[in-house]
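Colleague: The structure follows.
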Amino acid sequence: MGFYINVGNNVNVFCEDLNPCADKTIVFLHGWPGSHELFEYQLDVLPKMGFRCVCLDQRGFGKSDRPIDGYDYDTLADDVHCVIKQMGIKNATLLGHSTGGSIAIRYMARHKAHGICKLVLCAAAAPSLIKRPYFPYGQTKEAILEIIENTYNDRPAMLRGFGKQFFYHNVGQPMQDWFFRLGLQAAGWATAEVAKTWIEEVLFDDLKVIKTPTLILHGVHDEVCYFPLGESQHSLLQNSWLIPFENSGHALFYEEKDKFNMEVSQFADNHW
């Protein structure tokens, strides 16, 4: 069932609620520059395993409204809070991929894990997507500035290039076209503004205050959020498990989807 939730300032966020009568809930936060449809191969399986799956499109992406502002982590986390609060979600597992993982971390720290009892970080863009004087593991600032410039000048070409980084395996043209289509659904300004947020935001302090049990899933061959980011998350979180995906890049939820679905379902089903 698809519907919209107003998160304030006349901004409506699109939500999908599958298997709403199930006892256990997983809330999905997608990565840049896609939408909740990136989790297609989880939504095919997990509801049939007895999970309620709640997905939302971040503002500016997918089917959600496209305001000109509000693409910082605080506002994006506040959007998630509005959804969780208005839907009355309790004791859920919050799952975030890439930038969605960053938003999940900010949500947990800023909103004190409201409605959430477990956290799953998948190839999360944290604690910093870019290298800093005190953090040598991320992308260069110059690489992100190039993404922003290319977004403003030739967004389709930028998306094609990012698609080549996204997958570790040669997935073929149909899958590349699918990923490309999801990226085109976003507003250009939202695509660029979130990339600017990667430069401005860090999540070191956020990670340190999270006490919720956290499962970290990260592709060893990730060329977007390098594997040392997952290791850094593990070292900063008080109660976490890190599972490497030896045969995946940034798209671990597709490239090793059976393993991914098994790990998420077992963790969310209190088998940890």
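Colleague: So what J values fall out for region 81-86 if you push phi through Karplus, 6.51 cos²θ - 1.76 cosθ + 1.60 with θ = phi - 60°, rounded to Hz, Gly and Pro as x?
Modeller: Listing the rounded values in order: 4, 4, 5, 4, 5, 5 Hz.
Colleague: I would also like to ask the following. Considering amide H positions built from the backbone, and no H for Pro or chain starts, which residues 5 or more places from Glu223, or on another chain, come under 5 Å of its amide H?
Modeller: His250
Colleague: Let me ask something else about it. Among Arg106, Arg132, what is the fewest-to-most ranking by other Cβ atoms within 10 Å?
Modeller: Arg132, Arg106
Colleague: If you take the charge dipole of the chain about its Cα centre, with +1 on Lys and Arg Cβ and -1 on Asp and Glu Cβ, which of Thr212, Ala187, Val80 is farthest toward its positive end?
Modeller: Thr212
Colleague: Using DSSP to call loops (not H, G, I, E or B), can you name the chymotrypsin sites (Phe, Trp or Tyr not before Pro) in region 99-155 whose Cβ has at most 12 other Cβ atoms within 10 angstrom?
Modeller: Passing sites in region 99-155 are Tyr134.
Colleague: Quick check on packing: order 67-76, 245-254, 30-39 by the mean number of other C-beta atoms within 10 Å, highest mean leading.
Modeller: 30-39, 245-254, 67-76
Colleague: Let me ask something else about it. Looking at Asn9, Gly60, Gln176, which one has the Cα that reaches farthest to the positive end of the dipole of the chain (charges on Cβ: Lys, Arg +1; Asp, Glu -1)?
Modeller: Toward the positive end, the furthest listed residue is Asn9.
Colleague: Follow-up question, since we're still on this one. Local charge sum around Glu256 (other residues, Cβ-Cβ under 10 Å, Lys/Arg +1, Asp/Glu -1)?
Modeller: Residues near Glu256 contribute -2 overall.
Colleague: I've got another one for you. Of (1) 12.6; (2) 23.8; (3) 23.0, which one was derived for mean projected area of the Cα convex hull in nm² from the structure shown?
Modeller: The calculated read-out lines up with (1).
Colleague: Another one. Arrange Met108, Met49, Met262 by Cβ neighbour counts within 10 Å, fewest through most, would you?
Modeller: Sorted ascending by nearby Cβ count, the order is Met262, Met49, Met108.
Colleague: Which net charge results for the neighbourhood of Ile5, defined as the other residues with beta-carbon distances under 14 angstrom from its beta-carbon, given Lys and Arg at +1 and Asp and Glu at -1?
Modeller: Residues near Ile5 contribute -3 overall.
Colleague: Do the sum for the chain: with -39,500 (n - 2.57) for every DSSP H run of n ≥ 4, divided by all residues, what is the mean residue ellipticity at 222 nm, to the nearest 500 deg cm²/dmol?
Modeller: Computed ellipticity for the chain at 222 nm equals -13000 deg cm²/dmol.
Colleague: Let me ask something else. Compare the Cα positions of Gly163, Pro244, Cys21 along the charge dipole of the chain (+1 at Cβ of Lys, Arg; -1 at Cβ of Asp, Glu; about the Cα centre) and return the one farthest towards the positive end.
Modeller: Value: Cys21.
Colleague: Placing +1 at every Lys and Arg Cβ and -1 at every Asp and Glu Cβ, with all other atoms neutral, what dipole size does region 129-187 have around its Cα centre, in debye to the nearest 20?
Modeller: Taking the Cα centre of region 129-187 as origin, the dipole is about 160 debye.
Colleague: Would you list Ser64, Ser232 from fewest to most Cβ contacts within 10 Å?
Modeller: Ser232, Ser64
Colleague: With each label point set 7 Å from Cα along the Cα-Cβ vector, what nm distance links His169 and Phe135?
Modeller: Each label point lies 7 Å from its Cα, and together they span 3.1 nm.
Colleague: Let me spell out the model: positive unit charges on the Cβ of Lys and Arg, negative unit charges on the Cβ of Asp and Glu, origin at the Cα centre of the chain. What dipole size does that give, in debye rounded to 20?
Modeller: Its charge dipole is roughly 500 debye.
Colleague: Using a cut-off of 15 Å between beta-carbons, work out the net charge of the residues near Asn19 (Lys and Arg +1, Asp and Glu -1, Asn19 not included).
Modeller: Counting the neighbours of Asn19, the net charge comes to -2.
Colleague: Which whole-Hz couplings ³J(HN,Hα) result when phi for each residue of region 228-235 is put into the Karplus expression 6.51 cos²θ - 1.76 cosθ + 1.60, θ = phi - 60°, listed in order with x for Gly and Pro?
Modeller: Per residue, the Karplus-derived 3J(HN,Hα) values read x, 5, x, 5, 5, 4, 4, 6 Hz.
Colleague: Based on alpha-carbon centroids, what's the gap between region 200-272 and region 105-148 in Å, whole number please?
Modeller: 12
Every number here is computed from the coordinates shown, using simple stated rules; none is lab data. Predicted, not measured: the structure shown is a model, and the values here were computed from it. Cβ: placed from backbone, ideal geometry, glycine included. Neighbour counts: every protein chain shown.
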